[in-house]
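Trainee: Below is the structure I would like to discuss, written out as structure tokens.
The values are calculated or read from the model by the stated rules, or taken from the named source; none is laboratory data. Here the structure is a predicted model, which means the values were calculated and not measured. Every residue, glycine among them, receives a Cβ derived from its backbone with ideal geometry; neighbour counts consider all protein chains shown.
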Amino acid sequence: VPAIAATRRVGQQVRLAAVAAAAVLTFSGLLSSWSGRGRAADEDVDRRLQDAVPGVTKAERCRPARRPLTYGRIQRLEAETINWCGEIPISDLLGANLEVTTIAYHALTPTAEVLLLVQRRGSVYQLNVVSDGDTARWEILRPPARQFKKNSCLDFEQFCEVSGVTAHSSGFVVVDRHRLQEFNYSWDVSDEPSLLMTLGKMNMAAPAMGTGEMSFPQLVAMYKPLNATYFDTKTEITPFFLDAHGRYFLVADTGNNRILVLNTTSDFQMDLIEIYGTGQATSDITGFNNPSGISIYAPAYESPWYPVNANVFVCDRFNHRLIKLNFAGQIQNGGAYKPMLTYSGMYFREATGAGFNESLSEPTSVSNYRHWIFVAEAAGNRITVLTVNYEDHNEILFVTHLNPARGIQLVGSHSATMNGFVWAT
């Protein structure tokens with residue numbers, strides 16, 4: 001049964017809610033935190049979960065996360081099976097075509113969230129949800145959903161086989177066949193989105209010739225600081241970071257095996273300023289073989305010590321690895337200064353020392369929540385949880401696997417929220 005699932009972090013724990021077409025999908029188990037919890041705290045979570053979901057049986061409720069045996073250091077955890085804590089039916093929204101291929105997330109407030117769903121050979125849908133408790137649910141004060149355009153590869157005003165969607169505070173970006181479009185949107189369902197900028201031409205693939213035109217792009221990640229002086233609420237942008245105040249789109253140009261960096265700082269601006277990748281499929285550190293998912297972690301793990309604005313994580317699908325790039329400014333020949341992508345590390349390769357069962361199998365999407373990196377695998381049918389080594393920022397460490405229950409197939413798209421939910425298709 002096609003499904004959307006969401007994990008929830010409660011205290012030091014991670015919880016999950018399942019979203020199914022017409023029935024509850026029962027998952028079981030999830031991820032433990034690195035910081036320890038006492039037995040009393042676990043029992044308190046048990047009581048709160050039972051209060052939040054009246055009538056739920058002990059076997060059905062979210063099981064408390066397992067405590068690590070030792071504390072104070074990064075450690076690997078045995079794989080868990082995904083648990084659930086609630087449901088949001090979507091059959092009325094999507095009709096007979098229940099196959100969701102892509103999911104994106106945006107926080108309107110600390111509790112009110114928006115999900116954007118992409119229906120295979122269908123439309124883009126907005127879902128208004130709330131995740132301020134132990135379960136995700138509809139936002140009762142706002143209409144639950146709306147639809148954006150339709151699927152047509154003959155009408156340029158519609159979408160053609162959308163491959164990715166990215167939401168931000170003032171709108172969203174849609175990636176379809178060889179094209180990227182940014183829309184201005186207030187997130188009020190009574191509002192209509194307006195097209196701001198377009199890059200590429202629908203149905204017209206472009207070769208890797210140093211231009212910003214694309215061939216089967218998959219996804220866009222957006223870098224944007226909190227404001228002109230702060231990365232986030234805690235980290236100041238100092239003169240150490242010369243270009244950190246701007247806004248940039250990083251595009252997985254999958255058909256051309258490269259990552260594009262677009263400067264979108266000014267209104268109606270979409271300038272190509274950087275390309276990472278050779279344009280050909282490769283298995284070394286100079287490029288990719290079918291880069292699919294991309295996410296940005298800002299400020300970077302290295303930012304207290306080095307002028308690195310953000311870390312960029314790329315799913316290198318057919319090389320079965322996750323690539324870590326650093327997004328930072330560098331002085332070029334002639335004294336010109338511009339933001340650049342530089343190689344920083346990878347997972348999985350022999351150098352990581354990971355075991356056989358900790359490898360990746362066709363990773364297709366990646367997201368970040370605090371120090372965790374969630375990687376969905378199309379062929380592996382699981383979500384792998386990783387983290388950057390806090391002592392060596394070029395090393396990515398395995399944490400655990402999140403496995404679906406028997407009979408459930410994950411399609412490889414997911415999104416992590418600021419409140420600790422991980423929504424997955």
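Trainee: Of all residues in the range 386-422, which are surrounded by fewer than 20 Cβ atoms within 10 Å (Cβ to Cβ), closer than 23 Å to Leu219 by Cα and among the aromatic types (Phe, Trp, Tyr)?
Mentor: None; the set is empty.
Trainee: I need the full set of residues from the range 280-299 which are in contact (Cβ under 8 Å) with a residue 60 or more places away in the chain and more than 20 Å from Phe216 (Cβ to Cβ), in order please. Step through it out loud before you land on a result.
Mentor: Just the residues of the range 280-299 that are in contact (Cβ under 8 Å) with a residue 60 or more places away in the chain, to begin with: 280, 285, 291-299.
Within the range 280-299, Ile285, Ile296, Tyr297, Ala298, Pro299 meet the criteria.
Trainee: A further question follows. Test Val308 against the criterion of being crowded, with 20+ Cβ neighbours inside 10 Å, more than 20 Å from Arg321 (Cβ to Cβ), without any contact (Cβ under 8 Å) to a residue 40 or more places away in the chain and not assigned by the TED database to the domain that holds Thr102, and give yes or no.
Mentor: Values: crowded, with 20+ Cβ neighbours inside 10 Å: yes; more than 20 Å from Arg321 (Cβ to Cβ): yes; without any contact (Cβ under 8 Å) to a residue 40 or more places away in the chain: yes; not assigned by the TED database to the domain that holds Thr102: yes.
It is true that Val308 is crowded, with 20+ Cβ neighbours inside 10 Å, more than 20 Å from Arg321 (Cβ to Cβ), without any contact (Cβ under 8 Å) to a residue 40 or more places away in the chain and not assigned by the TED database to the domain that holds Thr102.
Trainee: Take the residues in the range 182-198 that are out of contact with any Lys or Arg (no Cβ under 7 Å at 6 or more places or on another chain) and more than 14 Å from Gln126 (Cβ to Cβ); name whichever of them is surrounded by the most Cβ atoms within 10 Å (Cβ to Cβ). Quick ask: steps written out before the conclusion?
Mentor: First, pick out the residues of the range 182-198 that are out of contact with any Lys or Arg (no Cβ under 7 Å at 6 or more places or on another chain): 182-188, 190-197.
Add one more test, that the residue is more than 14 Å from Gln126 (Cβ to Cβ), and what stays is 182, 184, 194-197.
Details: Glu182: 25, Asn184: 15, Ser194: 9, Leu195: 12, Leu196: 18, Met197: 17.
Ranking the qualifying residues of the range 182-198, first place goes to Glu182.
Trainee: Those residues that are farther than 20 Å from Tyr306 by Cα and hydrophobic (A, V, I, L, M, F, W, C), I need them from the range 227-258; list them, please.
Mentor: Phe249, Leu250, Val251, Ala252
Trainee: Could you list, in sequence order, all residues of the range 211-226 that are in contact (Cβ under 8 Å) with a residue 40 or more places away in the chain and farther than 18 Å from Tyr306 by Cβ? Walk me through it before giving the result.
Mentor: Taking the range 211-226 and keeping what is in contact (Cβ under 8 Å) with a residue 40 or more places away in the chain, we get 211-212, 214-225.
Across the range 211-226, the qualifying residues are Thr211, Gly212, Met214, Ser215, Phe216, Pro217, Gln218, Leu219, Val220, Ala221, Met222, Lys224.
Trainee: Can we say Ile408 is under 21 Å from the mean Cα position of the chain (by Cα) and at pLDDT 90 or above? Outline the logic, then answer.
Mentor: Working: under 21 Å from the mean Cα position of the chain (by Cα): yes; at pLDDT 90 or above: no.
Taking the combined requirement at face value, the residue does not satisfy it.
Trainee: Any residue at all in the range 165-181 that's at pLDDT 80 or above, touching a Lys or Arg at 6+ places or on another chain (Cβ under 7 Å), surrounded by fewer than 19 Cβ atoms within 10 Å (Cβ to Cβ) and outside any strand (DSSP E or B)?
Mentor: The answer is no, given that none of the residues of the range 165-181 is at pLDDT 80 or above, touching a Lys or Arg at 6+ places or on another chain (Cβ under 7 Å), surrounded by fewer than 19 Cβ atoms within 10 Å (Cβ to Cβ) and outside any strand (DSSP E or B).
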